[in-house]
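The values are calculated or read from the model by the stated rules, or taken from the named source; none is laboratory data. The structure displayed is predicted, hence computed values, not measured ones. In this analysis, Cβ positions are derived from the backbone assuming ideal geometry, glycine residues included, and neighbour counts consider all displayed protein chains.
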Amino acid sequence: MTFLLLLAVACGLREAEGELSPPGPTLVASEGLAADRAATTQFFQSRPRYEQPLDEGLKPVPGLPDLSAETCGTCHPALYAEWSVSTHAAAWTDPQFQAEIGKSGNRWLCLNCHTPLLVQHDLWPRGLTDGDVELPVLAPNPAFDPKLREEGITCAGCHVRDGAIHGPGLGGDAPHPVVADATFRTSEQCERCHQAEAVYPGKSFVCTFQTGDEWRAGPWDERGKTCQTCHMPEVERPAATGAPARVVRQHWWRGAGIPKFAGVHPPPEANPPGLDVQASPLDDRLQVTLTNANAGHMLPSGDPERWIQVDVSFIDAGGQTVGTWSHRIGQTWEWTSPPKKIADNRLEPEEGRVESLVVPEGAVHASITASSHRISKKNADYHHLGDYPRSVVTHQLEIALPDRARQ
Ligand code: HEC
Ligand code: HEC
Ligand code: HEC
Ligand code: HEC
Ligand code: HEC
């Protein structure tokens with residue numbers, strides 16, 4: 001077995017008494033596809049479910065030349081068009097993801113959610129030095145498909161299992177093998193990646209996605225509203241070219257609606273913003289009510305860096321700003337080792353929060369803006385993300401205030 005230095009992922013090399021001691025990943029030579037697969041499979045079986053690839057993607061699907069989304073799109077053009085602009089399609093190319101994965105030996109951990117098929121991985125882990133997730137032992141994947149990796153969470157990531165197409169069970173006449181799988185109509189399909197929590201002792205990173213648990217704890221589960229109900233809206237149309245029209249689901253997954261690439265995102269009608277904003281003047285106050293009206297989980301959910309911002313400006317008769325108020329809804333973490341959550345004022349499903357703001361002297365008008373943010377300017381600059389879209393405005397309200405001088 002040869003030990004090589006892996007420059008792409010290694011954090012650097014330290015020298016100890018003339019010998020190289022690898023502080024990052026160790027790259028070993030491939031021993032051939034079968035042996036590499038066996039070693040990697042054995043390693044993954046010792047790891048939590050969410051760290052395991054969803055499928056190998058190595059077995060061909062009879063009737064299909066390859067597993068690329070473009071191939072699926074030749075017969076499923078509407079689904080392909082929707083998926084193409086989704087965040088799932090950008091899970092690998094996402095500039096923020098690209099900036100983050102270069103920085104640590106924990107890169108292998110990221111791949112099974114962002115590129116869920118083993119064939120999409122350039123390097124396969126087969127063990128950890130001293131049990132340290134940042135010191136994986138990696139072997140090059142002889143069957144690596146770089147084009148499929150670009151597709152991130154591609155069609156096959158959710159639909160291909162062991163050489164067959166798994167789906168909700170339409171009963172149609174497909175040119176590829178179909179396996180009906182009841183989990184396609186439940187949140188279980190999504191929780192594999194959207195419900196995962198782990199702390200890594202001594203590390204300054206965590207895995208904290210609780211969207212599944214938040215949904216279960218709220219009212220939407222009991223009402224029979226799954227992740228798909230809100231994120232994959234129903235539509236009546238053929239599921240494939242030439243097939244009969246059926247009630248099927250759009251493949252948008254809009255979420256917060258912040259694009260990864262300017263202009264590329266599902267349309268607003270794919271799902272509404274989670275927040276509802278109401279405002280009305282009351283005596284010398286402006287009552288602002290912020291409600292998590294539409295999200296089936298905490299608002300915001302998922303990535304702990306996300307937040308929602310509400311900004312109010314009070315304007316006088318001459319158009320001058322005479323007062324401002326800002327409110328941040330989100331989690332606050334200290335990225336120590338281990339990281340600590342120090343505050344969390346997110347809105348639970350259907351929770352409303354009333355803020356009573358004192359109207360400044362002379363104000364005749366209030367301008368209210370709500371926006372959804374995925375990353376702060378400071379952190380985006382740290383990752384050299386340039387003009388990466390960081391936020392989206394979800395609400396703009398203009399409220400006339402009674403002129404108290406005349407009352
Ligand atoms: C994140 C997982 C995921 C990805 C990625 C994905 N699908 Fe789906 N797909 C689903 C789920 C869940 C359903 C079941 C929807 C339902 O009927 O409740 C589904 C249903 C379908 C159906 C049945 C008809 C329908 O619209 O409900 C077809 C056909 C299909 N997908 C094709 C594709 C194609 C083609 C791609 C890529 C362009 C793709 N899927 C990407 C999760 C996914
Ligand atoms: C040559 C055309 C063609 C190609 C290529 C193709 N499909 Fe299909 N697929 C169909 C047809 C036709 C149906 C049946 C649709 C119906 O009757 O409503 C179908 C059905 C499906 C279903 C529904 C299965 C169920 O639950 O009943 C899924 C999911 C699906 N395809 C996914 C894919 C994916 C993913 C790919 C690419 C890896 C792909 N298809 C490639 C033609 C194709
Ligand atoms: C293989 C892992 C995986 C599966 C399965 C999966 N997701 Fe995702 N999902 C992700 C990742 C990773 C992202 C973010 C990609 C990025 O931002 O780089 C994401 C993004 C999203 C977003 C967009 C969030 C935003 O605001 O941009 C929504 C909504 C979403 N997923 C819903 C779903 C639903 C609903 C399902 C089940 C049908 C599902 N996902 C299945 C991994 C997954
Ligand atoms: C009742 C409808 C509803 C249900 C059920 C629901 N969501 Fe959402 N989800 C939303 C809305 C609305 C948003 C947009 C929130 C916003 O404005 O930021 C959202 C946002 C998201 C986001 C982006 C993070 C954020 O807060 O913006 C992810 C990821 C996500 N949902 C995944 C899921 C998953 C996974 C499930 C199932 C466990 C699920 N959702 C169930 C409505 C729903
Ligand atoms: C358990 C599955 C999982 C793993 C492991 C994972 N991610 Fe993600 N990642 C997600 C999901 C789900 C989202 C969707 C965003 C959300 O829920 O707010 C996401 C979103 C992201 C985003 C976009 C953030 C945003 O707000 O749009 C980046 C960047 C990212 N992940 C980087 C990483 C890196 C780097 C690693 C490895 C250290 C990693 N992820 C490991 C599931 C995962």
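Which condition number in (1) closer than 28 Å to Ala29 by Cβ; (2) assigned to a loop (DSSP other than H, G, I, E, B) is the one that Ala174 fails?
It is condition (1) that Ala174 fails.
Do the conditions hold for Thr208, that is, is it away from ligand 4 (no atom under 16 Å from the Cβ), not assigned by TED's automatic domain parsing to the domain that holds Gln331 and not in a helix (DSSP H, G or I)?
The answer is no for Thr208.
Per-residue answers, yes or no, for (1) within 14 Å of ligand 1 (Cβ to nearest atom); (2) modelled with pLDDT under 95; (3) among the small types (Gly, Ala, Ser); (4) within 23 Å of the chain's Cα centre (by Cα):
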position: Ala156; (1), (2), (3), (4): yes, no, yes, yes
position: His159; (1), (2), (3), (4): yes, no, no, yes
position: Ala180; (1), (2), (3), (4): yes, no, yes, no
position: Glu191; (1), (2), (3), (4): yes, no, no, yes
position: Ala198; (1), (2), (3), (4): no, yes, yes, yes
position: Lys203; (1), (2), (3), (4): no, yes, no, yes
position: Arg216; (1), (2), (3), (4): no, no, no, yes
position: Thr226; (1), (2), (3), (4): yes, no, no, yes
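Hey, any hits in region 317-336 for a residue that's in a strand (DSSP E or B), surrounded by fewer than 16 Cβ atoms within 10 Å (Cβ to Cβ) and within 14 Å of ligand 4 (Cβ to nearest atom)?
Within region 317-336, one or more residues are in a strand (DSSP E or B), surrounded by fewer than 16 Cβ atoms within 10 Å (Cβ to Cβ) and within 14 Å of ligand 4 (Cβ to nearest atom).
So for region 184-194 (the condition being surrounded by fewer than 17 Cβ atoms within 10 Å (Cβ to Cβ) and in a strand (DSSP E or B)), does at least one residue qualify?
Checked against the condition, which is being surrounded by fewer than 17 Cβ atoms within 10 Å (Cβ to Cβ) and in a strand (DSSP E or B), region 184-194 yields no hits at all.
Take the conditions crowded, with 19+ Cβ neighbours inside 10 Å and in contact (Cβ under 8 Å) with a residue 24 or more places away in the chain and apply them to Leu282. Does it pass?
Working: crowded, with 19+ Cβ neighbours inside 10 Å: no; in contact (Cβ under 8 Å) with a residue 24 or more places away in the chain: yes.
So Leu282 fails the test.
Could you check region 326-340 and list, in sequence order, the residues that are at pLDDT below 95 and of a type in the set (D, E, K, R)?
Correct list: Glu334, Lys340.
Tell me yes or no: at least one residue of region 61-79 is within 16 Å of ligand 4 (Cβ to nearest atom) and touching a residue at least 12 places away in the same chain (Cβ under 8 Å).
So far as region 61-79 goes, no, none of its residues is within 16 Å of ligand 4 (Cβ to nearest atom) and touching a residue at least 12 places away in the same chain (Cβ under 8 Å).
Pairs needed: first member in region 239-251, within 13 Å of Gly171 (Cα to Cα); second member anywhere, in a loop (DSSP other than H, G, I, E, B) and more than 7 Å from ligand 1 (Cβ to nearest atom); C-beta distance under 6 Å; at least 6 residues apart or different chains.
Ala243/Gly172
Being surrounded by 15 or more Cβ atoms within 10 Å (Cβ to Cβ) and farther than 17 Å from Gly302 by Cβ is the filter here; which residues of region 215-225 pass it?
Hits for region 215-225 are Asp221, Lys225.
Report every pair of residues separated by at least 6 positions or lying on different chains whose Cβ atoms are under 9 Å apart, first residue within region 100-117 and within 14 Å of ligand 1 (Cβ to nearest atom), second assigned to a loop (DSSP other than H, G, I, E, B) and of a type in the set (Asp, Glu).
Correct list of pairs: His114/Asp94; Thr115/Glu151; Leu117/Glu56; Leu117/Asp145.
Any residue that is within 16 Å of ligand 2 (Cβ to nearest atom) and assigned to a helix (DSSP H, G or I) - is there at least one of those in region 85-92?
Checked region 85-92: at least one residue is within 16 Å of ligand 2 (Cβ to nearest atom) and assigned to a helix (DSSP H, G or I).
Give Glu214, Glu236 a once-over and let me know the one that is in a helix (DSSP H, G or I) and either within 16 Å of ligand 5 (Cβ to nearest atom) or not β-branched (Val, Ile, Thr) (or both).
That would be Glu214, the only listed residue that is in a helix (DSSP H, G or I) and either within 16 Å of ligand 5 (Cβ to nearest atom) or not β-branched (Val, Ile, Thr) (or both).
Within region 205-214, which residues are away from ligand 1 (no atom under 16 Å from the Cβ) and touching a Phe, Trp or Tyr at 6+ places or on another chain (Cβ under 9 Å)?
Once the filter is applied, which keeps residues that are away from ligand 1 (no atom under 16 Å from the Cβ) and touching a Phe, Trp or Tyr at 6+ places or on another chain (Cβ under 9 Å), region 205-214 yields Phe205, Val206, Cys207, Thr208.
If you go through region 194-215 one residue at a time, do you hit one that is within 16 Å of ligand 2 (Cβ to nearest atom) and touching a residue at least 24 places away in the same chain (Cβ under 8 Å)? Please lay out each step first, then the result.
Within region 194-215, the first condition is being within 16 Å of ligand 2 (Cβ to nearest atom), and the residues that meet it are none.
Within region 194-215, none of the residues are within 16 Å of ligand 2 (Cβ to nearest atom) and touching a residue at least 24 places away in the same chain (Cβ under 8 Å).
Just checking, which of Pro142, Pro95, Pro116, Pro175 is more than 16 Å from ligand 4 (Cβ to nearest atom) and either under 23 Å from Thr41 (Cα atoms) or in contact with a helix residue (DSSP H, G or I) (Cβ under 7 Å, 6 or more places away or on another chain) (or both)?
Numbers: Pro95 fails: either under 23 Å from Thr41 (Cα atoms) or in contact with a helix residue (DSSP H, G or I) (Cβ under 7 Å, 6 or more places away or on another chain) (or both); Pro116 fails: more than 16 Å from ligand 4 (Cβ to nearest atom); Pro175 fails: either under 23 Å from Thr41 (Cα atoms) or in contact with a helix residue (DSSP H, G or I) (Cβ under 7 Å, 6 or more places away or on another chain) (or both).
Within the list Pro142, Pro95, Pro116, Pro175, the selection yields Pro142.
Within region 4-51, count every residue that is polar (S, T, N, Q) and either in contact with a Lys or Arg (Cβ under 9 Å, 6 or more places away or on another chain) or modelled with pLDDT under 50 (or both).
Within region 4-51, residues that are polar (S, T, N, Q) and either in contact with a Lys or Arg (Cβ under 9 Å, 6 or more places away or on another chain) or modelled with pLDDT under 50 (or both) number 3.
Just checking, does region 47-62 include any residue being among the hydroxyl-bearing types (Ser, Thr, Tyr), under 17 Å from the mean Cα position of the chain (by Cα) and part of a loop (DSSP other than H, G, I, E, B)?
The answer is no, given that none of the residues of region 47-62 is among the hydroxyl-bearing types (Ser, Thr, Tyr), under 17 Å from the mean Cα position of the chain (by Cα) and part of a loop (DSSP other than H, G, I, E, B).
Is it true that Glu398 is of a type in the set (D, E, K, R), more than 21 Å from Phe205 (Cβ to Cβ), in contact (Cβ under 8 Å) with a residue 12 or more places away in the chain and surrounded by 14 or more Cβ atoms within 10 Å (Cβ to Cβ)? So that I can check it myself, show each step before the final result.
Values: of a type in the set (D, E, K, R): yes; more than 21 Å from Phe205 (Cβ to Cβ): yes; in contact (Cβ under 8 Å) with a residue 12 or more places away in the chain: yes; surrounded by 14 or more Cβ atoms within 10 Å (Cβ to Cβ): no.
For Glu398, the condition - of a type in the set (D, E, K, R), more than 21 Å from Phe205 (Cβ to Cβ), in contact (Cβ under 8 Å) with a residue 12 or more places away in the chain and surrounded by 14 or more Cβ atoms within 10 Å (Cβ to Cβ) - is not met.
Which of the numbered conditions does Leu286 fail, given that it passes all the others? Conditions: (1) assigned to a strand (DSSP E or B); (2) within 16 Å of ligand 5 (Cβ to nearest atom).
(2)
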